[in-house]
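The structure appears below as C-alpha cells.
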Amino acid sequence: MAQQSGDATERVIRALESLDAADLVLIEPPPSVWDGIEASIESGRGGLPGSPSPESTVAIVEYSIDAFDMLAGVGAGWVDAAIDHGAPELARPDDNRVLWESIDGDEMRELWQLVVRQVRSEQSEVRVPFRCDSAHARRWFEMAIAPVADGGVRFRSVLVFQEARSPIALLDPTIERDHASAPIALCSWCGRGRFDGSWLDIERLVADARLLERDSLPPVTPGICGSCREQMSVALLAQGVSGGSPG
C-alpha cells in the first residue's frame, strides 16, 4: 500500500512539472462582499477557503445584547477577536457596557443601530457581509443578527473567506500610532481606505500616502464608503420589505 501511495505521488508530481502558466487558472477572491459571500454558516463548519491568517485563528465571534443594548453575553471567539483587534480591554465583558460605546464613528454606529432596529421591528434575522482584514490577510465575514427573547439581539459572525498577503503595517494593532495625525477611515464592507478624498485599495493607499516613509503610522477608524453605504441601504430595504433574511 505504501509503495502504491508513493507511485501515485510521483505521478502527480510529474504531471504538475509538465504544466506551465497557461495551463493554470487563478481563482480570485470575491469581487465584492455582496456578490461573493454565499457560503454556509452552519455551526462548526471547517475547511475555510484561502490561506489561514498567521497571527489569528478567529473564525466565529458570538455575542448578544439585551433590550437596552447592553452587552448581555459573549460566546465563541469574543476574547480572541478583542485581542486580535488590539482591544484587550474588551476581552473581559462588562455588564454595564452599551454595545454602541465600542463602535467608533457616528456613521458606523448609526448604521448598526439601524440594523438592530430592523431586526427587532421585523422579528427576523438579517445577514450582513462585511470585510475585516488583518495585517496578514484579507478576510470576508458574514454576520447573522437575530432577535431573541425579551427584546434582545444575538450577533454571530463567521469567517467565510480569507486570502493571505504580504503584511500591511497599517492594519497591525500592535504598531505605534501617531495620534496627532488624522485617522484613516477603512470601509468595513469593501476594505478600502480613504485618502485625499478617494477610497483606495489598502495597498495603493499605503503607497499614495507614503506611509512607509513615516516614523509612525496614523490611527485607523472604521467607516463606510459611498458605494457600500448605498448597497447596504438597498439590502436592508429589500430585507425589510420581504420580512425575512436573504435566501
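The values are calculated or read from the model by the stated rules, or taken from the named source; none is laboratory data. Every value quoted in this text rests on a predicted model; they were computed, and no experiment measured them. Here the Cβ positions follow ideal geometry from the backbone for every residue, glycine too, while neighbour counts run over all protein chains shown. Note: areas computed on protein heavy atoms with side chains; ligands, DNA, RNA excluded. Shrake-Rupley method; radii C 1.70, N 1.55, O 1.52, S 1.80 Å.
Computed quantities for the displayed model
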{"item": "Tabulated pairs, the range 166-190, first of a type outside the set (Lys, Arg), second at pLDDT 90 or above and open to solvent by 80 Å² or more (accessible area, probe 1.4 Å), C-beta under 7 angstrom, 6+ apart or interchain", "result": "Ile184/Arg194; Ala185/Arg194"}
{"item": "Any hit, the range 151-166, residues being of a type in the set (S, T, N, Q), over 19 Å from Ile65 (Cβ atoms) and within 15 Å of the chain's Cα centre (by Cα)", "result": "yes"}
{"item": "Cross-chain or 6+ apart pairs with Cβ under 9 Å, the range 115-128 first and open to solvent by 20 Å² or more (accessible area, probe 1.4 Å), then of a type in the set (Val, Ile, Thr)", "result": "Gln118/Val126; Gln118/Ile145; Arg120/Val153; Glu125/Val119; Glu125/Ile145; Arg127/Ile37; Arg127/Ile41; Arg127/Ile145"}
{"item": "Residues of the range 167-176 satisfying the condition of being at pLDDT 90 or above and either in a strand (DSSP E or B) or open to solvent by 40 Å² or more (accessible area, probe 1.4 Å) (or both)", "result": "Pro167, Ala169"}
{"item": "Extreme residue, nearest to the chain's Cα centre (by Cα), among residues of the range 98-139 that are among the polar types (S, T, N, Q) and in a helix (DSSP H, G or I)", "result": "Ser102"}
{"item": "Qualifying residue in the range 228-246 (condition: modelled with pLDDT of 90 or more and among the β-branched types (Val, Ile, Thr))", "result": "no"}
{"item": "Residues of the range 180-203 satisfying the condition of being in contact with a Gly (Cβ under 9 Å, 6 or more places away or on another chain) and of a type in the set (Lys, Arg)", "result": "Arg194"}
